[in-house]
1. Test B:ILE111 against the criterion of being at pLDDT 95 or above, under 30 Å from B:LYS712 (Cβ atoms), touching a helix residue (DSSP H, G or I) at 6+ places or on another chain (Cβ under 9 Å) and away from chain A (no Cβ under 14 Å), and give yes or no.
2. State all residues of the range B:65-86 that are within 13 Å of chain A (Cβ to nearest Cβ) and either free of Cβ contacts under 8 Å to residues at least 60 places away in the same chain or not acidic (Asp, Glu) (or both); if no residue qualifies, say none.
3. Against the definition (closer than 30 Å to A:PRO60 by Cα, within 14 Å of chain A (Cβ to nearest Cβ) and among the aliphatic types (A, V, I, L, M)), how does B:VAL715 come out, yes or no?
4. Sort out which residues of the range B:167-197 are modelled with pLDDT under 85 and out of contact with any strand residue (DSSP E or B) (no Cβ under 7 Å at 6 or more places or on another chain), and write them in order of number.
5. Applying the selection to the range B:593-629, what residues are buried (at least 18 other Cβ atoms within 10 Å of the Cβ), more than 10 Å from chain A (Cβ to nearest Cβ) and more than 18 Å from the chain's Cα centre (by Cα)?
6. Return the total of residues in the range B:332-362 being assigned to a loop (DSSP other than H, G, I, E, B), β-branched (Val, Ile, Thr) and under 40 Å from the mean Cα position of the chain (by Cα).
7. Among the residues of the range B:753-768 satisfying the criterion of being at pLDDT below 85 and at the interface with another protein chain (Cβ under 8 Å from one of its Cβ atoms), which is farthest from B:GLN629 (Cα to Cα)?
8. Please name all residue pairs, on different chains or six or more residues apart, with Cβ atoms under 7 Å, provided the first residue is in the range B:429-449 and is over 18 Å from B:ILE706 (Cα atoms) and the second residue is small (Gly, Ala, Ser) and not in a loop (DSSP other than H, G, I, E, B).
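The values are calculated or read from the model by the stated rules, or taken from the named source; none is laboratory data. Source: prediction; values computed, not measured. As a convention, Cβ positions derive from the backbone with ideal geometry for all residues, glycine included, and neighbour counts pool all protein chains shown.
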Amino acid sequence: MLKRQALIILLLFFVTSCATWEGRGHGGKGAPQQRGGAGKTVSKEVKKPEEGQFAVVSSPARSASIDMVAKGKQSLAAGKYEKALGIFQEAVIIDSTNGVAYYYLAKTRFNLGQNEEALGILDKAESLLSSADEWMEAITLLRQQIKEAYIAGFPTQDLPQAAP
Amino acid sequence: MVKNQVKTQKAGFLRRLRRWIKPIVFIGIIVIIVGGGYLYHTAKGVEYQFNRSHRWDIPSKIFSDAAYYYPGIDIEKVRLKQKLLRLAYRDTGTEIKGPGDYSITPERIDIYLHDFDYPMQEFKGFPVRLTLEGNIVKEIVRIDEAPTPLSSLKLEPELVAAIFGDAMEDRTLVTLKEVPQHLLEAIIVVEDERFFKHGGVDLIAIARAAFKDIIELRIVQGGSTLTQQLVKNYFLTSKRSFLRKLEEAVIALLLEAKHTKADILEAYVNEIYLGQRGSSSVSGVGEAAKLYFAKNVDQLTLGESALLAGMIRAPYRYNPFTNIESAGERRDFVLGKLYKSRLITKDEYNNALAEPIITPKRATKTNMAPYFIDFVKMQLADLYSDDLLGKEGLRIFTTLNMTDQLIAERVVKSEISRLEKDFASILPKDHEGMLEGALVSIQPQTGYVRAMVGGRSYLTTQFNHITQAMRQPGSTFKPFVYLTAFDPARTSNLYAPTTMIDDTSFTVKSGGEDWSPQNYDKQEHGRVSLRTALTNSYNVATAKLALNIGLDSVLKTARDSGITSDLLAVPSMALGAFEVTPMEMAAAYTIFPNNGILARPISIINVVTKEGEILEKKHMEMKRVFDPQPVYLANSILKDVIDRGTGASARAYGFSGIAGGKTGTTSNYKDSWFVGFTPNYLALAWVGYDDNTPTNMSGARAALPIWAKFMKEVVGDSREDFSSPRGILLVKIDPATGLLSSPGCPEGKFEPFIEGTEPNESCLNVRR
């Protein structure tokens, strides 16, 4: 009886140890680890670069550019696309790293039927807003709209390939 | 008998007379026919030339970009005061009253903005106040009827250059309605009191003038009417002769017969000569108002109108820039005439007398941004004829930033002189041509060309080294090799800044001959990381890398970056042994600060007719040509170039901002380059001889100081860093092996990787 119990305990211990060993190999919590030479695991110290610097940076140029974007949005909403275009371009000139300004510039050019140009500017917006999820959603949506407009006007194979 | 004698004499006389009648009648008929023909032809010519559409040549004008100011900006850094002077704003002391006035105190700057016709928008000037704290703008407020805070202030573009027709006349057309009544009255009262009473020629005025001339025994008074003056300036030359005077009178009479007084007066105020601006003549009150008072003609005060009218007789003698006293006396004389003629009241007269004559600061530099202007003119010549450009008054709006341009011109000039002085011992002795230098700056996100200096002195040579010189880029091309290596879409092997490579000599066949690259220090450096190889600009490692990843891939990278010059997929291409223009190189480099997006370089934004119709409109155009992740990796090394690599001396020259860049030195030191960029701004500097004589100076020694001193003034110590895209990880790596750091490898440093490409092997595996 005692021998049987000891065997069961040993078996359970063995099974548990194997399960734990398998779990480590598939990257559980904590830094990923790799089996190093001679069966040793290697820790990898990883971090992300500081992101979102330009989504939230506050500078005089950024504040002025944001105000300009607000003005441009009024013209955009009123259907005054040429006027809005000029304003958003000024917003970009004042602060050339204001991703939101590029987004609205792209939107305005799309409204003016300049689809290819809009896609290029949207790429720029995306590169500056990559850490802002809500803006990335808006960019994806606008890109989709532009592509649909393109398809409506052109065969699919002529569609410019925007960045993934 | 006497009677018979008289009769005989009379008959003889009549016979002799009859003999002359025929020829006299014949000659008379000829004179009438010829005279009539002349009059008819002249009348036709006058009508044709005077036709509204043919009247005047209006030069086309080239403008810089507008400038923007906002709370938080440092007015010293952006040189606001110098900008105001260049825009011909007048310092009025304490109070601003009308467009073009400004006043500065330590606490504030008040500016009454000029009116300006932007493309698609007519701007009416209004007064603004910039409240200051030291040099920093705290607030911008519109200070007319209802004070309103403003988030930004736009100052109008600067007039940089004009394109003239053959006549070289600078003119701003005005209608009679735009000309102040006082100015018209002053002109008439001074130049032609009886303008509305005569028919083109005033015999009474001529007689009066002749009488005065006889009394004084010299010419003291002209008897020409306004119409005659117009005819002289418009149709004829100023040659003094009886025949020319006769012709002038005939044309004046014809003109008055066919046209109204209003028509003639309007032509006069647009034609009359009122001084010089450099080599061009200032014609008409519209342009004269801008030159002498920096105002539109409809903004002139009574005193200013009186002075302008008085200047017609002798623009040089009464020039307020050079002869303020004479100008003041002449103005007072004209005001007196107006008062005596009861055209102004006593109060108006006294107030005008008390008015100080305030002129804008006269521009001393007449040839501004000459290389950039030539570059713009070349593009315009492709679109428009010389006739259209010289005569139809087009307005061309460019991307030029005059503040940056002036800094660039000063730095290039002073640095080239300094190089010649400091390195006289290594420069070639008695070299025929001068050492040349050039700089171009671009706003990478928009593609806007902000400054261009094509040579050390436009007077010496108009050859634009930025747009026309084909030079080898040398090591400045290397970043494109590394960019190709880092891009998984362009190479089958995975490379990262930590990938190790052997900087040991090798030989390959190229064009049937052996090719062996050599490092500048003639050393081999053994096994090094790609980061080390690019930071220190190792030729051997770079060439090896290019061969490993494939020269065709590198060539494609160059093409995708916008390099269109001839390129061959040969090993030496990796070291920049082909020719490009510096403009091409600068434009290609914009993909680095722009995260892989190529913005098309633009120098002309709009071309607008004098009626306001837009002929040409260029928008920003951009396109992603590289994924952002490999560009980020390349940028991380290019930052090291400035922080600790071949470009590190930029810090010694005073540039302390965050930037990336690359030196370039071609073989035998024929070209010295530096291209560098912050997230918002890129500049390229080049130094060399036109005949390719070696300068014996590296890119770091010759071109880098120009770049650093320019960027220090334009960008300052900006701490804005390059944005990092998604899909980048920083992993701690052992620099000696390029593998994962471990406690057993003492030096560990975080290095960037495209996610999924980081190493999985420990440094201990290699070090053991």
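1. yes
2. If the condition is that a residue be within 13 Å of chain A (Cβ to nearest Cβ) and either free of Cβ contacts under 8 Å to residues at least 60 places away in the same chain or not acidic (Asp, Glu) (or both), then B:ALA66, B:ALA67, B:TYR68, B:TYR69, B:TYR70, B:PRO71, B:GLY72, B:ILE73, B:ILE75, B:LYS77, B:VAL78 are the ones that fit.
3. When the stated conditions are applied, B:VAL715 passes them.
4. B:ALA167, the sole residue that qualifies.
5. Listed by number, the list holds a single entry, B:GLN629.
6. Matching residues across the range B:332-362 total 3.
7. Ranking the candidates gives B:ARG768 first.
8. B:PRO444/B:ALA599; B:GLN445/B:ALA599; B:THR446/B:ALA599; B:GLY447/B:ALA599
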